[in-house]
Amino acid sequence: MTKRATIQPVIMSGGSGTRLWPMSRAARPKQFLPLIGDRSLFQETALRLSGGGDADFLPPVVIAGAAHAAIVRAQLKAICVEPAAIIIEPMPR
């Protein structure tokens, strides 16, 4: 019997929304937009890390800018994903 790996996923969801203008803006960058289907790219990533496959995933750690903390929380709640932590970057690098 093979032991499955346990992975601590980290979702880095930074970005300022400048490359997909006018759809994305600083307040709502592309990772939080539903570009394909009903869920955002961020939500699709969180769901992919929520189970199945050849690895056991722990709840994700999410890193986001202070301006997007509320969006991160709302989008995770909408797909019933409980993060291990949300780390807020106080200012862009």
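The values are calculated or read from the model by the stated rules, or taken from the named source; none is laboratory data. Given the structure is predicted, the values throughout are model-derived calculations rather than measurements. Methodologically, a virtual Cβ is constructed for each residue, glycine included, from the backbone with ideal geometry; neighbour enumeration extends over all protein chains shown.
Annotations
- When segment 50-64 is filtered for residues that are of a type outside the set (Asp, Glu) and at pLDDT below 90, the ones remaining, listed by number, are Ser50, Gly51, Gly52, Gly53, Ala55, Phe57.
- Pairs where the first residue, in segment 40-69, is farther than 15 Å from Glu82 by Cα and of a type outside the set (Ser, Thr, Tyr) and the second is in a strand (DSSP E or B) and at pLDDT below 95, C-beta under 6 Å, 6+ apart: Ala55/Ala5; Ala55/Ile7; Asp56/Thr6; Gly65/Glu89; Ala66/Ile88
- Residues located in segment 66-93, provided they are within 15 Å of Val10 (Cβ to Cβ) and either at pLDDT below 90 or of a type in the set (Lys, Arg) (or both): Glu89
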